[in-house]
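Read the structure below first, then the notes.
Readers should treat all values here as calculations from the given coordinates under stated rules, not as data from a laboratory. Computed from a predicted structure; not experimentally measured. FYI the Cβ positions are ideal-geometry reconstructions off the backbone, even for glycines, and counts take in every protein chain you see.
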Amino acid sequence: MIDLHSHILPGIDDGARTIEDSIALIQQSIENGVSKIMATPHSNIGTFDNDLSGIKQVFNELCLKISELDIKVELAFAAEVRICPEIMLLAKKQQLPFLGQYEGKNLLLLEFPDSHIPPGSEKFVSWLLAHNICPLIAHPERNRDLWQHPYLINEFVHLGCLLQITAASLLGSFGQKSQQLAWQYLDLDLVHLVASDMHNLKRRPNRMAEAYQVICDKFGTDKAKLLCIDNPDLIFSSNPSIQSFKGKL
Ligand SMILES: [Fe+2]
């Protein structure tokens, strides 16, 4: 499987704290059947001030460490960017960390606050799309406005946004409302891919193997493969920062 949303870079957000944590998360992902991982640290002005160059530096440090170990994996980096007006400035400066390409557009992992959808988000998303940036909305199933009004997501989908559901949401880790909404969006065929959003081994590990199985059980193998392998792989493959590690031969 291919995981496009993870917090494996050490010490720069609320995910892995140390490089040992990073390695443990990567190994646990491999045990889950994941072979390619996109590091997507939070980029949230005032909380996690991660920019493109800072993320790249930590990514390179992690890659150096992984190259010394017997680990077979592919890694790349982007970011999970919290919606804010400053994104427009970063877009103009070409400083946004994109996941890759989707239908000729740059794909941005865009996060809304869990509490609500900020007023003007549709207009903001339209601006991004007009500037060749396609938002992949991170875990909409965890948004409290969408719990109340699930159909509010339709406007974003109609504008051209993609949706990422979190594996652990399907399994109930974020509560019943998130679980129900995640399945509802899958049922409505609104979801482009499933990712782990892993942060740590204890409370927020990679649960993609279990998620793959429950999607298979409900919708069949083709849909599970599309959401966990084919769709994310197309995007991953277009990321310019990919590093391949072969492990010991
Ligand atoms: Fe995340």
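Quick notes on this one:
- When each of the peptides 57-68, 187-198 is scored by the mean number of other C-beta atoms lying within 10 Å of its residues, the order from highest to lowest reads 187-198, 57-68.
- Hits among aspartates and glutamates - C-alpha to C-alpha of LYS248 under 15 Å, sequence gap 8 or more where chains match: GLU68, ASP70, GLU74
- The Stokes-Einstein estimate for the chain, based on a Kirkwood radius over Cα pairs and taken at 10 °C with 1.306 mPa s viscosity, is a diffusion coefficient of 88 µm²/s.
- Whole-angstrom gap from the stretch 46-95 to the stretch 163-238, using each part's C-alpha centre: 23 Å
- Reduced Cα scattering model of the stretch 146-249, Debye log10 I(q)/I(0), q = 0.11, 0.12, 0.16, 0.23 Å⁻¹: -0.39, -0.46, -0.78, -1.33
- Chain lengthening between ILE242 and LYS92 when straightened (0.36 nm per residue, less Cα-Cα): 51.6 nm
- Leading residue at positive end of dipole, the stretch 2-246 (Cβ point charges), from GLN94, GLY33, VAL73: GLN94
- GNM flexibility winner over the chain from LEU186, LEU201, LEU75 (Cα, springs under 10 Å): LEU201
- In this rough spin-label picture, where each label sits 7 Å from Cα along the Cβ direction, the LEU129-PHE219 distance is 2.1 nm.
- Note, ³J(HN,Hα) from phi for the stretch 227-234, Karplus 6.51, -1.76, 1.60, rounded to Hz, x at Gly and Pro: 7, 9, 10, 5, 4, x, 5, 4
- Annotation: amide H of LEU162 within the under-5 Å range of LEU136, ILE137, sequence separation 5 or more or interchain, hydrogens built in the peptide plane.
- Start at zero, step by 10 Å, and the Cα-Cα distances of the stretch 56-146 spread as 15, 40, 27, 15, 3 percent across the bins.
- Relative contact order, percent, the chain [alpha-carbon distance under 8 Å, six or more residues apart]: 24 percent
- Dipole moment magnitude, nearest 20 debye, the chain about Cα centre, only Lys, Arg, Asp, Glu C-beta charged: 160 debye
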